[in-house]
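This report concerns only the one structure given below.
The values are calculated or read from the model by the stated rules, or taken from the named source; none is laboratory data. Computed from a predicted model, the values in this text were never measured in an experiment. All Cβ positions, even for glycine, are placed from backbone atoms using ideal geometry, and neighbour counts span all protein chains on display. Each accessible area value is taken on the protein alone, full model and side chains, heavy atoms only, with ligands, DNA and RNA left out. Shrake-Rupley method; radii C 1.70, N 1.55, O 1.52, S 1.80 Å.
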Amino acid sequence: MNFEGKDIISIKDFSKREIDYILKYAKEMLPYADGEKFKDVLKGRILSTLFFEPSTRTRLSFESAMNRLGGRVIGFADPMGTSQKKGESLADTIRMADAYSDAIVVRHSREGAARLAAEFADAPVINAGDGAGRHPTQCLLDLFTILTEKKRIGKNKVVLLGDLKYGRTVHSLAYALALYGAELTFVSPTSLRMPKEVVEECKELGVEPVQMSSLEKAVRDADVLYVTRIQKERFPDAEEYNRVVGSYRVDNELLSNAREDLIVMHPLPRVSEIDPEVDKTSHAVYFKQAFNGVPVRMALLSLVMGGRL
Ligand code: ASP
């Protein structure tokens, strides 16, 4: 399989075989991701990380991934220190990154921004989150986490909880899980339901998601509970946000009714939707999940830049 020069904009651009291939390669990256082994397969290559929106894990794990493979990183974490402040267009900023580097990671508040960026760059463009749109690399690390923890992706009962309307991670993940035939249950405040378009995508793949209002009930026989933060920054007005804030919380009491081997995932950052008391339980895999961003992104960078292990 050849991914050299390929843009990574949406998980929908990948077949199941391609996803399986990436996840298998990410597993090979594990000893390189934690520094146990080192091979500079991306030596002499430069990655641009252009973050027009805040990020901790995505940016740092991309940077770590590139460094772990012997490459170098340029970029910015805040567009206010760039010529965007002077009114430069996204297209022109992308043209510059294209001239200065071999691959471009871009996060932007506008849906479709990564797709647009890809039109202006010859180098591969990787979508690191576009508004309430998609987040394909998070999706791959989520799948990698489920596969590592559960030994399979399909045949799991997965509950997606929280802000399913604005949460880009769950838009990508719902589609990918449906591709693998997982059972899906959506639990959210009424105003933050999964967009129809995503539900339709799942149905087209033969999976009919169940919408449930009771978290207690949904969690009872679940294999995976994927929690999301309410995406405050996407709300058109504060009042709408105030109506839903604090409307769900995962704590040990809730989990006492769950299966012993239930895993709790979260793309992070969490605000108040998971009680810190859960961190110490065997259910919590969200910090491992965050680490998994490194091997998965190493695999992707190695594949799109053509520097194989
Ligand atoms: N870090 C994830 C994202 O960028 C989730 C979140 O922000 O809540 O989409």
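Contact order normalised by length for the chain, with contacts defined as Cα pairs under 8 Å and 6 or more residues apart; what percent is it? Working shown, then result.
Working: 606 pairs, mean separation 67.1, N = 309.
Reported relative contact order: 22 percent.
Trypsin sites (Lys or Arg not before Pro), restricted to segment 203-256: which are DSSP loop and have at most 14 other Cβ atoms within 10 Å?
249
Straight-line reach from residue 288: taking Cα to Cα under 15 Å and skipping same-chain neighbours fewer than 8 places apart, the aspartates and glutamates in range are 34, 142, 149, 279. Rounded, prolate or oblate: which one fits segment 173-309, using the alpha carbon gyration tensor with axes a ≥ b ≥ c (rounded when a/c is under 1.5, else prolate when a/b beats b/c, else oblate)? Rounded shape, in that the Cα axes give a/c under 1.5.
With every protein chain in place and a 1.4 angstrom probe, the accessible-area ranking of 80, 212, largest first, reads 80, 212.
Once you've got the Cα coordinates, tell me which of 37/280; 12/165; 27/203; 27/150 are over 24 Å apart.
Values: 37/280 29 Å; 12/165 18 Å; 27/203 30 Å; 27/150 14 Å.
The pairs that break the limit, which is 24 Å between Cα atoms, are 37/280; 27/203.
Assuming charge only on the beta carbon of Lys and Arg (+1) and of Asp and Glu (-1), the dipole of segment 105-199 about its Cα centre is about 340 debye to the nearest 20.
At an R0 of 22 angstrom, the distance between the Cβ atoms of residue 1 and residue 39 translates into a FRET efficiency of 0.65.
Rounded to the nearest percent, how much of the accessible area of segment 196-280 (1.4 Å probe, protein heavy atoms only) is carbon and sulfur? Write down the numbers at each step before the final one.
Numbers: 2130 of 4720 Å².
Ligands and nucleic acids excluded, carbon and sulfur reach 45 percent.
The distance separating the Cα centre of segment 116-133 from that of segment 145-162 comes to 27 Å. The listed residues 10, 272, once ranked by accessible area (1.4 Å probe) with the largest placed first, stand as 272, 10.
Note on exposure: 1, 29 ranked by accessible area (1.4 Å probe, complete protein assembly) read 1, 29, with the most exposed listed first.
For the chain, give the magnitude of the charge dipole about the Cα centre (Cβ charges: +1 Lys/Arg, -1 Asp/Glu; no others), in debye to the nearest 20. Spell out each step's value before the answer.
Working: 44 positive and 44 negative charges, 119 e Å.
Taking the Cα centre of the chain as origin, the dipole is about 580 debye.
Each residue, residue 257 and residue 115, gets one label point 7 Å from its Cα in the Cβ direction; the gap between the two is 4.1 nm.
The trypsin sites (Lys or Arg not before Pro) of segment 20-76 that meet both conditions, a loop assignment by DSSP and at most 12 other Cβ atoms within 10 Å of the site Cβ, are 37, 43.
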